[in-house]
1. With point charges of +1 on the Cβ of Lys and Arg and -1 on the Cβ of Asp and Glu, referenced to the Cα centre of region 134-256, which listed residue (154, 237, 167) lies farthest in the positive direction of the dipole?
2. Give the angle, between 0 and 90 degrees and rounded to the nearest 10, that separates the Cα long axis of helix 269-305 from the longest principal axis of the Cα atoms of the chain.
3. Whole-Hz ³J(HN,Hα) for each residue in region 98-105, computed from phi via Karplus 6.51 cos²θ - 1.76 cosθ + 1.60 with θ = phi - 60°, x for glycine and proline: what do you get?
4. Can you give me the % of accessible surface on the chain that is carbon or sulfur? Probe 1.4 Å, all protein chains present, nothing else counted.
5. Of the listed values (i) 1.50; (ii) 1.67; (iii) 1.18, grab the one calculated as Cα Rg over 2.2 N^0.38 Å from the structure here.
6. Which order do the peptides 68-79, 128-139 take when ranked by the mean count of other beta-carbon atoms within 10 Å per residue, highest first?
7. Just tell me which aspartates and glutamates come within less than 14 Å, Cα to Cα, of residue 215; anything on the same chain fewer than 8 places away is out.
8. How much net charge surrounds residue 100 when only the other residues with a Cβ under 12 Å from the Cβ of residue 100 are counted, with Lys and Arg +1 and Asp and Glu -1?
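The values are calculated or read from the model by the stated rules, or taken from the named source; none is laboratory data. From a predicted model like this one, the values you see are computed outputs, not experimental measurements. Ideal geometry is used to build each Cβ from the backbone, glycine not excepted, and the neighbour counts take in all protein chains shown. Calculation scope for accessible area: heavy atoms of the full protein, side chains included, ligands and nucleic acids excluded. Shrake-Rupley method; radii C 1.70, N 1.55, O 1.52, S 1.80 Å.
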Amino acid sequence: MLRSLFSGVSGMKNLQTDLDIVANNIANVNTTGFKSSRVHFADTFSQTVASASAPTRGNGGTNAKQVGLGDQVASIDTNMTSGSTQSTGIATDFYITGSGFFMAKDASSGQTYFTRDGAFQRDSAGNLVNSNGYLIQGVNTVAAPILYADYKENSLQTPTAVNATQGITIPPTLTYRGQNYSFNSFSVDSNGVVTGEYKNTTNTNADAQKFVLGKFLLATFNNAAGLEKQGNNLYSASNNSGTPIVGDVGQNGAGTVQSGALEMSNVDLSTEFTNMIIANRAYQANARIITTSDDILQELVNLKKN
């Protein structure tokens, strides 16, 4: 059989993968924190008709004669550049200005995932959770709240391991020095420090108090493109991403946290439509190779008839 038939088939097969990636990128153009992907192709092995020869006395050398046998998918890469900021005005929406990731823990399995999607909510217990109910990790001081006036930058110790982090909680009530307080409002500054304002229910004539309830922690990776997508805007560490580097907001290139905003998808529609056109035309060209090869084979069969 003609080698061109199999080259055309490999081209069509791999271009279908390219179209699959383009389609997925376009489908997620409005997905919060989505990172687009791209396909990188490489040629497959080549059949050597004649090997290269070295120059000899009086004659020059000759190059190898090789016939390629199609292409293959060399890699599917994730573009980890940041998406644009989308202002929402919702206090539980968060945007990361750098390369860090929020940590979301599935309490039922103990697995911690990483995400750029900062669309969080407070549940009935005051836990800060993502859309799956996974607990957003950081440092929690609810058991021993700190008055905002007494808070210093080194008041909260920062764990360096993922399994040492805690779920961030903004409780509906808390107790401080024998006084009971009920939740009024909360805020998160650019350093990820969570502050809650609470009304004194024991002494109703007392002024409301502000307490530091904890702080966000962010994870960074030596190779963030090596993270594995797990669906629901979540990633997990892989052998090639490196272990997560846990630190405070603003450290290790993680960036700061902006409340009331989300990260948009980094998909560029103009680029995706261009890639779609290129893949479409390349697919048609490879299909034409198959039909042309078939015509040649048909001519060979007709020689017998003639």
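1. Projecting each Cα onto the dipole axis, the largest value belongs to 167.
2. Here the helix axis deviates by roughly 30 degrees.
3. Once θ is set to phi - 60°, the couplings for region 98-105 become x, 9, x, 10, 5, 10, 10, 9 Hz.
4. Numbers: 8100 of 16750 Å².
The value for the chain is 48 percent carbon and sulfur by accessible area.
5. Calculated Cα Rg over 2.2 N^0.38 Å: the matching label is (i).
6. Numbers: 68-79: 14.4, 128-139: 21.5.
With the highest mean Cβ count within 10 Å placed first, the list reads 128-139, 68-79.
7. 153, 189, 248
8. Working: positive: 116; negative: 248, 263.
That sum, taken over residues with Cβ under 12 Å, equals -1.
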